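Please read the structure below before turning to the comments.
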Amino acid sequence: MTSPPAPSSQWASLLKNQGTWVGSFTQLSPTGEIRHDTPSEVVLEPLNQGQSMRQIIRRYPADQPVSETVLEYSSLGRGVLFCETGAFSQGSIQRSPVSEFGAELGLIAGHERLRIVQIFPSQPTLGSLTLIREHLQATTPPPRPNLTIDQLLGTWIGEAVTIFPDWEPPQTMATRLEIQSVAPGAIAQTLCFGNSPPIRSEGMVAGDTLDFDQGSQPVTVRFLPGGASVTFPTEIRSGQPLFLEAGWLITPGLRQRLIRTYNAQGTWVSLTLVQEQKVVS
């Protein structure tokens, strides 16, 4: 019998997020328009020789008092999982059509973090998006433009590591993603995980939005500032599996994606971190 990933390993991955992170909380409409951009500071400070954590969240809204929230904890909730890199997700462990559903997906690379919060407020369509771009205090992040489909065209190869909330052993698979333009405003995507059969889909591009309307659960991809992307069900269909995804183009040839997957009963079943590099032709 294989031993599960111990809470201590989860805590060690949380500690990779320690430090003072400065940046902003960008509130977006479901269609991607920026509503508010609020400067922020998030402090993650280990206490008791790293056995507990103090988290301070400060927001600096224009013409308003500073908002500060202080949390202290020594264990992680059931809805949270950390990857070995420090990437993480927290959110709903069960979807119900009569209650709020959603999750935060956080990626980390060097001195930077990118977090995306997706909320479905008791409805089958996305209600709100929050994009959080942060860097460690006293560091300067490189500028990144808004993501475009042209930046993603080509072949990406990498590795996917899937972890599970019920502590099954992690699974690691090779990945290959091919994205090509097939007509004006249309792309074809072929995705391979390990030795599984390729998954092919076609999407339509309109501005900063990519829609895949085939299959049992159509999905929408939004291209966001800072090289970010977010993927979510266009309209949640009960009885069908679904996933929430955050993507981050860190450099033109390096991308991370974090995928939180739910089964047909609406139960959270896994978290997958994909790290992929673009093949230079």
Of the numbered conditions (1) in a strand (DSSP E or B); (2) surrounded by fewer than 14 Cβ atoms within 10 Å (Cβ to Cβ), Ala188 fails exactly one; give the number of that condition. (2)
Looking only at segment 30-58, count how many residues are small (Gly, Ala, Ser), within 22 Å of the chain's Cα centre (by Cα) and modelled with pLDDT of 95 or more. 1
Return yes when Thr20 is farther than 30 Å from Asp211 by Cα, under 22 Å from the mean Cα position of the chain (by Cα) and among the β-branched types (Val, Ile, Thr) and no when it is not. yes
Among the residues of segment 90-147, what is the count of those that are surrounded by fewer than 17 Cβ atoms within 10 Å (Cβ to Cβ), within 22 Å of Ala264 (Cβ to Cβ) and either in contact with a strand residue (DSSP E or B) (Cβ under 6 Å, 6 or more places away or on another chain) or hydrophobic (A, V, I, L, M, F, W, C) (or both)? 3
Which residues, counting only those in segment 86-122, are in a loop (DSSP other than H, G, I, E, B) and among the small types (Gly, Ala, Ser)? Gly86, Ala87, Ser92, Ser96, Ser99, Gly110, Ser122
What number of residues within segment 57-74 satisfy the criterion of being surrounded by 11 or more Cβ atoms within 10 Å (Cβ to Cβ), of a type in the set (Ser, Thr, Tyr) and either in contact (Cβ under 8 Å) with a residue 60 or more places away in the chain or closer than 30 Å to Ser8 by Cβ (or both)? 1
Considering only segment 191-234, state which residues are loosely packed, with under 13 Cβ neighbours inside 10 Å and not in a loop (DSSP other than H, G, I, E, B). Ile199, Arg200, Ala206
What residue, of Phe212, Phe193, Phe164, is of a type outside the set (S, T, N, Q) and under 20 Å from Thr267 (Cα atoms)? Phe164
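The values are calculated or read from the model by the stated rules, or taken from the named source; none is laboratory data. Just so you know, these numbers come straight off a predicted model, no measurement behind them. Here the Cβ is made from the backbone with ideal geometry for all residues, glycine too, and neighbour counts use every protein chain on show.
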